[in-house]
């Protein structure tokens with residue numbers, strides 16, 4: 001009977017029902033799209049933020065007398081591919097080895113690095129393209145990156161200071177090297193000579209050695225838990241921390257694969273990223289809440305209008321002996337059916353909207369997660385029930401004696 | 001023992017006193033008409049008997065239950081188990097057909113039974129109108145559906161508020177004959193509110209009201 005009442009009620013008020021389903025569908029579509037955005041925004045924005053450079057630096061661990069006597073310590077170049085073997089390996093977007101040595105004759109520092117190198121990964125067909133060009137994408141080279149071990153770049157600062165131009169020859173590491181280009185890095189590299197890592201290692205007799213590794217990694221925004229000292233964590237907490245993509249846990253995992261290393265987040269970068277992501281997520285939550293509220297108000301208004309037309313019907317139900325539960329059941333069932341239909345339509349709409357949003361904002365589609373369908377239906381049911389609250393309250397207050405006699 | 005006992009019942013609205021200390025008893029199986037001009041309080045009394053309104057003062061006992069002591073949900077239950085209503089306007093749900101309108105009362109009472117609902121409609125002479133919607137029925141037919149709906153749960157008390165108010169004389173006679181026949185068969189108690197002297201001829205007793213008081217309570221001479 002309830003099914004019959006609902007079916008006939010829907011068919012009898014096609015326009016009002018359509019308006020309510022559209023209200024719910026639009027609200028759900030916006031909420032689901034924002035939700036899809038929020039699922040993906042961390043990785044998408046984090047990826048965008050990676051253009052600001054490395055957020056983790058791996059350096060040699062200096063302990064005991066080595067620290068006191070100022071001995072130089074190095075990392076092994078051979079350990080670099082291991083960065084792509086850690087738990088969060090897919091979050092490692094770029095790795096740049098850096099070897100910094102001092103050239104006494106030039107009274108300047110010389111930096112050796114990879115500009116663009118494809119490293120083979122164990123068990124994977126495709127190599128990993130990395131180097132300074134991915135970790136420090138803002139580097140601007142006038143001329144070209146050194147080809148072979150007879151060329152070097154001059155930082156823009158040292159080039160001006162020593163009046164060096166492309167094509168000039170300069171004595172670095174006891175050899176005459178041709179300046180193949182001028183580097184404008186906007187940092188301390190501007191006052192260095194910069195060359196291919198292998199060249200610098202060769203010139204200064206440091207084969208296979210590097211001073212540090214700059215790592216660019218996608219991270220999860222830091223929260224209070226992330227700042228907890230791992231040494232004080234329980235086993236369960238440690239596992240949770242280790243398996244969350246915090247910059248600290250990724251740094252810890254890098255430390256484990258680079259022999260004799262200490263890995264530290266570059267805090268200004270990591271914290272700025274965390275702040276941006278947290279604020280974006282908050283913004284999305286607020287927008288989602290507003291869209292849900294707007295949809296609930298929409299359905300509430302339409303339902304009240306519909307109820308006003310059905311006052312006599314409600315009064316009759318009560319007159320026939322319908323109790324609170326039975327009256328609520330009729331209207332709540334209607335709301336839930338509207339929610340179901342609105343949720344399904346809203347989900348389909350959200351696929352289009354989130355795809356459009358993804359392409360407009362990030363130039364790529366947002367990842368469509370399967371859980372969005374049940375979430376959409378759940379959201380639309382919440383909207384519908386919220387929207388139905390006031391009309392149902394109103395329905396329960398209807399005085400059948402007055403209405404059935406012809407008043408309101 | 002009386003089926004209905006009304007003791008010193010008053011009902012006040014914001015600016016008016018609709019009932020003023022009404023006392024009355026109605027026996028089980030009686031057919032009583034309440035008559036009076038507009039504003040005399042007869043509909044208010046009927047609504048209080050039906051549990052659709054509550055008195056400001058006084059006690060109403062139906063079938064040994066003091067209905068003023070019942071909560072809203074208890075009152076709803078009492079209504080669906082004990083009382084059948086027939087209204088001046090038939091108040092049928094426009095999008096349900098005749099059978100479904102009768103089944104609605106079954107639904108709120110217990111379990112809808114299409115066969116029983118159709119049987120009830122046949123008893124009121126609408127066996128050929130089972131699938132018709134209210135808009136496809138005449139005024140008299142709509143009121144017959146209303147009567148079938150009121151009686152489908154075998155109530156002990158039938159309350160009718162101007163049940164023939166919207167009908168012509170011929171249809172009025174038909175409806176009252178039908179009620180009389182059903183009353184004779186089922187032996188339920190009937191209270192009809194009307195201002196039409198023609199309707200009062202069908203009752204065994206007529207209570208006349210004016211200004212919220214009973215001014216006359218007398219049997220009808222047949």
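Order the peptides A:155-162, B:161-168, B:187-194 from the highest to the lowest mean number of other Cβ atoms within 10 Å of their residues.
Details: A:155-162: 18.5, B:161-168: 20.1, B:187-194: 22.8.
Averaged packing, sorted descending, gives the order B:187-194, B:161-168, A:155-162.
Enter the angle in degrees (range 0 to 90, nearest 10) between the Cα long axis of helix B:72-82 and the first principal axis of the Cα atoms of chain B, meaning the one along which they spread out most.
Roughly 60 degrees between the two axes.
Of the candidates A:174, A:378, A:352, which one comes out as most mobile in a Gaussian network treatment of chain A with C-alpha springs shorter than 10 Å?
Largest GNM mean-square fluctuation: A:174.
Between residue B:114 and residue A:324, take the C-beta separation as r, use R0 = 22 Å, and let me know the FRET efficiency to the nearest 0.05.
0.25
Based on other C-beta atoms within 10 Å, arrange B:91, B:195 from fewest to most. Intermediate results must be reported in sequence, preceding the final value.
On the way: B:91 22, B:195 15.
Ordered from fewest to most neighbouring Cβ atoms within 10 Å, B:91, B:195 come out as B:195, B:91.
Run the helix sum for chain B: -39,500 (n - 2.57) per DSSP H stretch of 4+ residues, divided by residue count, reported at 222 nm to the nearest 500 deg cm²/dmol. Provide the component values of the computation, followed by the final result.
Numbers: 7 runs with 76 residues, N = 222.
That calculation yields -10500 deg cm²/dmol at 222 nm.
Inside 10 Å of the C-beta atoms of B:43-56, what's the mean count of C-beta atoms belonging to other chains?
3
Normalise the Debye intensity by I(0) for segment A:55-265, one equal point scatterer per Cα, no solvent, then take log10 at q = 0.08, 0.11, 0.13 Å⁻¹ and round to two decimals.
Cα-only, vacuum Debye calculation for segment A:55-265: -0.32, -0.58, -0.78.
If we sort B:206-216, A:283-293 on the protection proxy, mean other Cβ atoms within 10 Å, highest first, what's the order? All intermediate terms of the calculation are to be shown ahead of the outcome.
Values: B:206-216: 17.9, A:283-293: 15.4.
Result, highest mean first: B:206-216, A:283-293.
Could you compute Rg(Cα) / (2.2 N^0.38 Å) for segment B:2-219, with N its residue count? Working shown, then result.
On the way: Rg = 16.9 Å, N = 218, 2.2 N^0.38 = 17.0 Å.
The value comes to 0.99.
Mind checking B:83-96 for the average number of partner chain beta-carbons within 10 Å of each residue's beta-carbon? If you can, show how the numbers build up before the last one.
Working: counts 3, 2, 6, 0, 7, 3, 4, 1, 9, 3, 9, 5, 10, 7.
Other-chain Cβ atoms within 10 Å of each residue's Cβ, averaged: 5.
How far is helix A:14-49 tilted, in degrees, relative to the longest principal axis of the Cα atoms in chain A, given as a value from 0 to 90 rounded to the nearest 10?
For A:14-49 against chain A, the angle is about 10 degrees.
Quick one: Cα centre-to-centre distance for segment B:104-138 and segment B:162-222, in angstrom?
24
With springs only between Cα atoms under 10 Å, which of A:232, A:248, A:311 fluctuates most in a Gaussian network model of chain A?
It is A:232.
What FRET efficiency comes out for residue A:402 versus residue B:170 if R0 is 25 angstrom and r is the Cβ-Cβ distance? Round to the nearest 0.05.
0.20
Could you work out which residue, out of A:129, A:224, A:168, moves most in a Gaussian network model of chain A, that is, has the largest mean-square fluctuation with Cα springs under 10 Å?
Greatest mean-square fluctuation among the candidates belongs to A:224.
Within 10 Å of each Cβ in B:98-104, how many Cβ atoms from other chains are there, averaged over the peptide?
Numbers: counts 0, 0, 4, 1, 0, 3, 8.
Averaged over the peptide's residues, the number is 2.
Relative to 2.2 N^0.38 Å, what does the C-alpha radius of gyration of the protein assembly as shown come to as a ratio? Two decimals please. Spell out each step's value before the answer.
Numbers: Rg = 42.9 Å, N = 630, 2.2 N^0.38 = 25.5 Å.
Here the Cα radius of gyration is 1.68 times the empirical estimate.
For residue A:336 and residue A:364, what is the calculated FRET efficiency with R₀ set at 30 Å and r taken between the beta-carbons, to the nearest 0.05? Working shown, then result.
Details: r = 37 Å, r/R0 = 1.22.
The formula returns an efficiency of 0.25 here.
Once every DSSP H run of n ≥ 4 in chain A is given -39500 (n - 2.57) and the sum is divided by its residues, what mean residue ellipticity at 222 nm do you get, rounded to the nearest 500 deg cm²/dmol? Could you put the intermediate results ahead of the total?
Details: 13 runs with 211 residues, N = 408.
Only helices count here, giving -17000 deg cm²/dmol.
Computed from the coordinates by the stated procedures, all read-outs in this text should not be read as laboratory data. Since the structure is predicted, the reported quantities are computational estimates derived from the model, not experimental observations. When we count neighbours, we look across all protein chains shown, and the Cβ atoms used for this are built from the backbone with ideal geometry, even at glycine.
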